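First comes the structure, then the notes that go with it.
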Amino acid sequence: MSKDQSLFSRFVEGLNEFYHAPYRQTLARAARDEEDLFMLLLFSESLGIDNPASFYTLELQPIFLEKFHEWHLRMGMPRCPLQHGGCC
């Protein structure tokens, strides 16, 4: 019984991979774009852009400061744009 179950589970995994493989890169790009927008919203007040939600996003900045370095390099900023200290 376990041999049939093992064969069936491998078959289901293969079908799952066959279905999801063409979309993996597109979904990863969409997730990265969404994360870039979130980082811009999170650090917009520090970058000099008015943010009406800065009161709510201020407590999240220390958590995401580790990812900020990757983000500002990906956005084309060679140096850290934050005035109060930075990651570089």
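Couple of notes before you dig in:
- The range 14-39 - residue that is of a type outside the set (D, E, K, R) and open to solvent by less than 70 Å² (accessible area, probe 1.4 Å) and, of those, farthest from residue 80 (Cα to Cα): 14
- Of the helices (runs of 4 or more DSSP H) contained entirely in the range 1-59, those carrying at least 2 residues that are closer than 20 Å to residue 72 by Cβ and modelled with pLDDT of 90 or more fall at 24-43.
The values are calculated or read from the model by the stated rules, or taken from the named source; none is laboratory data. All of these numbers come straight from a predicted model, not from anything done at the bench. Here Cβ is always computed from backbone atoms with ideal geometry, including for glycine, and neighbour counts include all displayed protein chains. Ligands, DNA and RNA are excluded from the accessible area calculation, which covers all protein heavy atoms including side chains. Shrake-Rupley method; radii C 1.70, N 1.55, O 1.52, S 1.80 Å.
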